1. Please state the relative contact order of the chain as a whole percent: Cα pairs under 8 Å, 6+ residues apart?
2. Would you grab the residues whose amide H sits under 5 Å from the one on H53? Only those 5+ places off in sequence or on another chain, please, with H modelled 1.01 Å from N.
3. Principal axes first, then extents: for the Cα atoms of region 157-355, list largest minus smallest coordinate on each axis, whole Å, largest first.
4. Using 5 Å bins from zero, what percent of all Cα-Cα pairs in region 8-64 falls into each bin?
5. Compute the Cα gyration tensor for region 109-218, then decide on rounded, prolate or oblate, letting a ≥ b ≥ c be the square roots of its eigenvalues: rounded whenever a/c is under 1.5, prolate when a/b is larger than b/c in the other cases, and oblate in all that remain.
6. Using only C-alpha positions, report the orientation-averaged shadow area of the convex hull of region 1-95, nm², one decimal.
7. Using a simple charge model, +1 on the beta-carbon of Lys and Arg, -1 on the beta-carbon of Asp and Glu, nothing else, what dipole does the chain show about its Cα centre, in debye to the nearest 20?
8. Mind listing the phi-derived Karplus ³J(HN,Hα) values for region 6-20, rounded to whole Hz, using 6.51, -1.76 and 1.60 with θ = phi - 60°, and x for any glycine or proline?
Amino acid sequence: MHPLVLRCGGFGEIVLLTALLDQLHARFGEPVDVVSSGSWTAPLLSGQPAVGHVFVMRSRKMPYSLSTRKQHLVRWLRDRGAGPTWFGDSTDTARDLLKRGGIPDDHVCDVASMPSVEGEHFVERWIRFADLTPAAFEGRLPPSCAHVPSAAKLRVSTQAQAALDEWLKQRGLGDQPLLAIQPGNRRNTRGWFRQRPTNTKYWPEGSWAQVIRAMHDLNPDHAIVLLGVRKEYGLNADIARFAGIQGVYNVAGDLPVSRLLPLLQRATGMISVDTGPAHAAAALGCPTLALFGKADPRLYRPGGVVTPAAVLTGELDGETTMLGITPESVITAWTQLRTRCDRLGYTARRTAVRYN
């Protein structure tokens, strides 16, 4: 009767998946095993109280006959035994792996068969999904229970916090308060021309620079850290050069998940495009302002419905686009968000997400 979840997706999608895992954990009273993909999945989920074993497939596209990892997964599933399974993926290939692993269809709840609700955030959809029971287990599983809050939740160990402390000292930051900025996303790492029509999450370097200068004026004691993967280092460097101020640190490429999460928890706030680290920041209780392009904020608001987050959208020539967001609107929205979070006491409450 040990629950299993299979879901592959991007960084932010797996952050949102924690709501499903928390709800199943509350229902069953035991951790949930997870099958997913992406090298960052294990460090993201490992240590979360609702998570048991994490199996990472790595490549979903490689044929089964050529993938030793998929073959290993099938053997692990067979050894584990068929039990109640929640399938949140969208590919027949992933569903076939469950069958190969000895999990019949009547043991599986498939999210594709669950009716959708207009405007429902993905976190609330996952929580609702956790209430379903596979046909083979009707009357045999714990009933659905009171719902967890409509928010993804991540926890950071004290060991990870201590490692971050050492890294900050090496960077010359010490105990300085941090403001996190995430200008890039994976679309920026594809191709040399950033402002192309397919990059719907591009916001101009000059606009970022204007916001950074305003943040420095509002928080002169803060270090402003520009986040991202290695391929986003050049974007961050251009933005820092346009900003032309001291106290801006480009740490792109030096943030494995084990360091990113405690940094986001430590930060007093984050301004970001709609991307995975924004979801992680909100799930850690960090006040987060996200700039949205084509995606619907009702479905993808950072971290869920009840997180310390705000979103901005823009319009240009009658079309929804991130390019329609002005630096002035970002600065105003940020000031309003921080005032609201301070009033609700988020700074004091965030220590509760640490564990030993």
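1. Here the relative contact order equals 17 percent.
2. Amide H neighbours of H53: D33, V34.
3. So the extents along the principal axes, rounded to whole Å, are 48, 33, 29.
4. 5, 20, 30, 24, 12, 7, 3, 0
5. Note, shape of region 109-218 comes out oblate.
6. Orientation-averaged projected area of the Cα hull: 5.7 nm².
7. 860
8. Coupling constants for region 6-20: 10, 7, 10, x, x, 4, x, 5, 6, 4, 5, 4, 4, 5, 5 Hz.
Each value in this text was obtained by applying a stated rule to the coordinates, not by laboratory testing. Predicted model only: the values in this text are computed from it and were never measured. With ideal geometry, Cβ positions are generated from the backbone for all residues, glycine too; neighbour counts draw on all protein chains shown.
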